[in-house]
Amino acid sequence: QVQLVESGGGLVQPGGSLRLSCAASGIIFRVYNMGWYRQAPGKQRELVATMPSTDSTIYSGSVKGRFTISRDNAKNTVYLQMDSLKPEDTAVYYCKATLGIREYWGQGTQVTVSS
């Protein structure tokens with residue numbers, strides 16, 4: 001059974017930082033493309049960052065330079081370090097694992113940026 005479990009969300013002030021984690025089980029983690037997506041109220045789910053391998057990363061324009069995706073294959077975990085947070089970063093953040101036509105999603109973790 002595949003499970004992706006996100007953690008690390010919460011309430012933070014503008015300009016603050018959060019680090020999200022996504023622990024995977026039931027998959028051969030190191031071969032999967034891991035990514036972070038987010039969905040704000042009333043909006044479609046959008047890509048935040050993805051890491052096809054340990055040597056490459058892709059970011060959306062809205063978070064590039066502020067967010068950093070990383071992975072630890074030994075711990076089957078992908079991270080999202082979020083710095084200089086803005087109110088518009090408020091959303092539910094989801095972890096996704098992809099390999100070919102296979103894709104798995106986590107349950108999401110709420111991030112709220114507000115003063």
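All of the numbers you see were taken from the coordinates with simple rules; none came from a lab. Computed from a prediction, not measured in an experiment: that's the story for all the values here. Glycine gets a Cβ as well: all are built from the backbone with ideal geometry, and neighbour counts include every protein chain shown.
May I ask you to list the residues in the stretch 2-31 that are on the phi < 0 side of the Ramachandran plot and out of contact with any strand residue (DSSP E or B) (no Cβ under 8 Å at 6 or more places or on another chain)? Steps first, please.
Keep residues of the stretch 2-31 that are on the phi < 0 side of the Ramachandran plot, which gives 2-7, 9, 11-14, 16-25, 27-31.
Selection gives 28, 30.
Take the residues in the stretch 2-11 that are assigned to a strand (DSSP E or B) and of a type in the set (Gly, Ala, Ser); name whichever of them is farthest from the chain's Cα centre (by Cα). Even if it seems obvious, please write down each step before you answer.
Just the residues of the stretch 2-11 that are assigned to a strand (DSSP E or B), to begin with: 3-7, 10-11.
The next check asks that each one be of a type in the set (Gly, Ala, Ser); those that pass are 7, 10.
Numbers: 7: 10, 10: 14 Å.
So the residue we want is 10.
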